[in-house]
1. Over the range 2-98, with the other protein chains present, what is the accessible area per residue in square angstrom, probe 1.4 angstrom?
2. What does the C-alpha gyration tensor say about the overall shape of the chain? Classify as rounded when a/c is under 1.5, otherwise prolate if a/b is larger than b/c, or oblate.
3. Which value, in debye to the nearest 20, gives the size of the charge dipole of the chain about its Cα centre, when Lys and Arg are +1 and Asp and Glu are -1 at the Cβ?
4. Mean Kyte-Doolittle of at least -0.5 and a Cα length of 20 Å or more along the axis: which whole DSSP H helices of the chain meet both?
5. I need the shape label for the range 63-141. Rule: rounded when a/c is under 1.5, else prolate if a/b > b/c, else oblate, with a, b, c from the alpha carbon gyration tensor.
6. If I stretch the segment between GLU125 and GLU15 completely, what's the gain in nm (0.36 nm per residue apart, minus their alpha carbon distance), one decimal?
7. When all protein chains stay in place, what accessible area (Å², nearest 10, 1.4 Å probe) is found for ARG12?
8. Quick one: work out the % antiparallel among DSSP beta bridges in the chain, nearest 5.
Amino acid sequence: MIRKATERDIARIVEIRNSVTENRLSDPGKITLDELRWFIANPGIFVWEQQGDVQGFCAGDPRNGNLWALFVDDAFAKRGIGTALLARACSVLEDAGHDRIWLTTDPKTRAERLYRQAGWELIGEKDDELLFELKLPGGST
């Protein structure tokens, strides 16, 4: 089940983000509690919860159309959770009025394959990561 994240999910979100084997943060301090709290207070961050266990999360930044985060606990990979969370994050960004959204990810990862399969277009590189863009059917920016 996908639901909006709450303050009580922060510890698990941080745990998932810091435990993934792909797209690891070189500096875990880059994700701050203030940022997570901003996304919780605004329409951007959601979790996948099953049987009381948060197994993944996504965040879309409505300010700039960026898919800010999409991570699934490695123990729950390849179950469709990432695909479902991706769709939810895209909806948030479309609802915010964006018709083109973007993200960055490391090359040669499951995430890169997921985005390509979902129709995202590789448009370049940004900060040593692949830069993808997706045109949404609605939106105005």
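The values are calculated or read from the model by the stated rules, or taken from the named source; none is laboratory data. Since the model is a prediction, treat every value here as computed from it, not as a measurement. Note: ideal-geometry Cβ built from the backbone for every residue, glycine included; neighbour counts use all protein chains shown. These accessible areas exclude ligands, DNA and RNA; they are computed on the full protein's heavy atoms, side chains included. Shrake-Rupley method; radii C 1.70, N 1.55, O 1.52, S 1.80 Å.
1. That works out to 48 Å² for each residue.
2. On the way: a/c = 1.40, a/b = 1.19, b/c = 1.18.
Cα axes put the chain in the rounded bin.
3. Computed charge dipole of the chain: roughly 360 debye.
4. Helix filter hits for the chain: 81-95.
5. Because a/c hits 1.5 or more and a/b fails to exceed b/c, the range 63-141 counts as oblate.
6. 36.8 nm
7. Number for this one is 40 Å².
8. Approximately 95 percent, going by the DSSP bridge assignments.
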